[in-house]
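Accompanying notes for the structure given below.
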Amino acid sequence: MNIPTSKNPRIVIIGGGFAGIALAKKLKNKNVQVVLLDKHNYHTFQPLLYQVATGGLEAGSIAYPIRKIVQEYKDFYFRLTSVKEIDTVNQKIISEIGDLHYDYLVIATGSKTNYFGNKDIERYSMSMKTIPQSLNIRSLILENFEQAVLIKDEVERNLLINFVLVGAGPTGVELAGALAEMKKAILQKDYPDLDIDKMQINLIQSGDRILNTMSEKSSEEAEKFLLNLGVKIWKNIRVTNYDGRTITTNSDLTFETATVIWTAGVQGAKIAGLDAKSLVERVERIRVNQFNQVVGYDNIFAIGDIASMETELLPQGHPMMAQPAMQQGKLLGENLVKLLKKQPMKPFEYNDKGAMATIGRNLAVVDLPHYHFSGVFAWFVWMFVHLFSLIGFKNKAVVFLNWVYNYIWFDREGRLIIRPFKKKSFVTFTSDEV
């Protein structure tokens with residue numbers, strides 16, 4: 001990897017997400033050599049991916065170059081690569097661009113979409129965990145409408161403008177709200193020769209309420225907001241298969257659609273090489289102790305979504321969200337410095353700052369530890385928190401100006417098919433239908 005030798009111990013960080021970047025910042029100009037590895041050369045602000053997918057923002061406004069974040073850091077190196085395996089015996093990682101020895105290793109690889117072993121759903125549905133995936137969704141949505149105006153058969157035309165979102169967590173709810181606002185204010189103007197009223201937005205949840213990680217009051221209010229926007233919500237329904245055209249469920253209910261966006265679950269993006277005892281197989285997360293040390297190893301740590309710190313209050317580990325990831329990254333940075341100085345490390349305690357979700361224009365729900373609110377004020381709080389959390393002044397300014405423009409004009413100028421995308425599908429049209 002062409003990393004120079006150093007008199008300082010080498011800390012290798014795998015992953016430039018919320019956890020990895022928080023750790024890197026804490027290690028700035030300490031007496032360590034830091035090597036950060038990621039398969040992208042940018043950090044993604046994932047909470048706003050749905051706005052890229054629906055044309056509200058361009059991809060560049062929620063991404064920030066990793067090299068720019070660390071360019072003032074001494075003895076700090078970034079390499080663009082994917083890590084294939086960890087050799088714990090020889091203390092090295094094996095990547096696409098070569099091997100690298102470590103003194104301390106931090107795994108911050110985040111999470112990926114969980115299809116629960118269903119290969120058909122994985123093949124034919126869309127996921128939204130990265131910027132390229134969000135751009136694919138945006139292209140597919142717009143391509144569906146461009147194709148729909150060419151279709152004579154009403155059944156086949158409706159198939160293209162029927163959208164099904166599986167999973168009613170924050171991502172599914174926010175995406176459903178954004179699609180509903182596109183239907184209400186934009187698509188009917190862009191496609192006057194289509195009956196946009198026929199467009200359906202279906203949100204399927206296997207549990208008995210949406211936003212089930214938030215308070216019941218937030219769930220109820222979010223559901224009310226979505227219903228008023230025209231979203232159809234199906235609860236206690238579990239999707240069992242999708243063949244590119246028909247969704248089957250654990251009931252008699254089926255859906256005919258050319259577009260399924262899967263937000264029903266996530267699992268850790270694990271790397272081969274760790275002892276099986278260190279892994280939580282079902283969700284592919286890595287077991288860690290209260291100091292984020294991987295179980296069975298003294299010099300390997302895991303933070304963020306990939307880490308499962310099981311406690312009495314959180315037997316399944318911390319929620320796979322940005323706040324636990326950033327808090328673990330910051331504390332581990334302090335603990336690694338203490339460890340090198342042979343000082344006792346501080347155990348991690350999660351400070352739950354609350355949760356929030358936006359449903360649409362002037363519509364959001366916010367849960368704080370001792371307070372709940374919704375509506376316009378919650379929407380402004382949501383915007384402020386997300387703006388403040390973005391990296392880089394330019395990104396903050398661009399996103400803010402986009403939101404102001406979208407609010408005043410009720411428009412989304414990012415509805416561009418920059419790179420055409422076609423998902424594998426069983427949907428075909430004969431010459432008579434077009």
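The values are calculated or read from the model by the stated rules, or taken from the named source; none is laboratory data. Keep in mind that this is a model prediction, so the values were computed, not measured. For neighbour counting, all protein chains shown are included, and Cβ atoms are generated from backbone atoms with ideal geometry for every residue, glycine included. These accessible areas exclude ligands, DNA and RNA; they are computed on the full protein's heavy atoms, side chains included. Shrake-Rupley method; radii C 1.70, N 1.55, O 1.52, S 1.80 Å.
Per the listing P47, P132, P65, the residue uniquely under 13 Å from the mean Cα position of the chain (by Cα) and surrounded by fewer than 20 Cβ atoms within 10 Å (Cβ to Cβ) is P132. Comparison of K396, K346 shows that the only residue that is closer than 22 Å to Y64 by Cβ and among the charged types (D, E, K, R) is K396. Note on segment 413-429: among residues that are touching a Phe, Trp or Tyr at 6+ places or on another chain (Cβ under 9 Å) and open to solvent by less than 100 Å² (accessible area, probe 1.4 Å), the one that is modelled with the lowest pLDDT is S425. What residue, among those in segment 184-243 that are part of a helix (DSSP H, G or I) and in contact with a His (Cβ under 8 Å, 6 or more places away or on another chain), is farthest from N162 (Cα to Cα)? Out of the qualifying residues, it is K217. Scanning segment 14-32 for residues that are β-branched (V, I, T) and out of contact with any Asp or Glu (no Cβ under 9 Å at 6 or more places or on another chain) yields one hit, I21. When the criteria are applied in full, F388 fails the requirement of being modelled with pLDDT of 95 or more, open to solvent by 30 Å² or more (accessible area, probe 1.4 Å) and part of a helix (DSSP H, G or I). Before we move on, is F301 under 27 Å from D103 (Cβ atoms) and in a strand (DSSP E or B)? So F301 passes the test.
Out of L363, L313, L368, one residue alone is under 30 Å from T54 (Cα atoms), open to solvent by 30 Å² or more (accessible area, probe 1.4 Å) and without any contact (Cβ under 8 Å) to a residue 24 or more places away in the chain. It is L368.
Has segment 50-72 got any residue that is modelled with pLDDT of 95 or more, under 22 Å from M326 (Cα atoms) and among the acidic types (D, E)? No, because not a single residue in segment 50-72 is modelled with pLDDT of 95 or more, under 22 Å from M326 (Cα atoms) and among the acidic types (D, E). All of F373, F348, F400 fail the test of being touching a helix residue (DSSP H, G or I) at 6+ places or on another chain (Cβ under 7 Å) and either open to solvent by less than 50 Å² (accessible area, probe 1.4 Å) or in a loop (DSSP other than H, G, I, E, B) (or both), apart from F348.
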